[in-house]
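Taking it in order: structure first as structure tokens, then the write-up.
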């Protein structure tokens with residue numbers, strides 16, 4: 001997943017902060033209006049907000065990817081468990097234990113035991 005929207009970097013935020021500082025100085029000297037200062041403050045706030053939203057969205061995407069990966073790992077493990085077979089020699093008899101099915105919710109295993117030889 002790629003983010004296809006503008007991500008303000010720290011330089012853009014630093015520039016907006018500097019612009020606001022300059023606007024405040026110019027307002028004190030009567031060169032610019034209070035509205036101009038307000039616009040500069042709003043711009044800085046928007047950049048900060050957008051930056052936070054992008055970081056949150058990136059974290060969300062990362063978590064979604066981790067969840068998807070974990071689900072795949074679980075499915076692979078379940079497939080392996082379904083194919084699992086244990087062979088053992090007990091008193092000259094071959095005992096084969098196969099995992100027959102898995103109940104995900106309760107994590108119970110049903111086993112099928114085959115004994116060959118007499």
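The values are calculated or read from the model by the stated rules, or taken from the named source; none is laboratory data. Please read all numbers here as calculations on a predicted model, not as lab measurements. For neighbour counting, all protein chains shown are included, and Cβ atoms are generated from backbone atoms with ideal geometry for every residue, glycine included.
Do we have residue 51 as under 30 Å from residue 11 (Cβ atoms), assigned by TED's automatic domain parsing to the domain that holds residue 12 and in contact (Cβ under 8 Å) with a residue 40 or more places away in the chain here? Yes, satisfied.
No other residue among 81, 47 is surrounded by 12 or more Cβ atoms within 10 Å (Cβ to Cβ), touching a strand residue (DSSP E or B) at 6+ places or on another chain (Cβ under 9 Å) and at pLDDT below 95 apart from 81. Residue 106 satisfies every condition listed in (1) out of contact with any helix residue (DSSP H, G or I) (no Cβ under 9 Å at 6 or more places or on another chain); (2) surrounded by 10 or more Cβ atoms within 10 Å (Cβ to Cβ); (3) modelled with pLDDT under 65 except (2). Scanning segment 55-82 for residues that are free of Cβ contacts under 8 Å to residues at least 12 places away in the same chain and within 24 Å of residue 9 (Cα to Cα) gives 55, 56, 59, 60, 62, 63.
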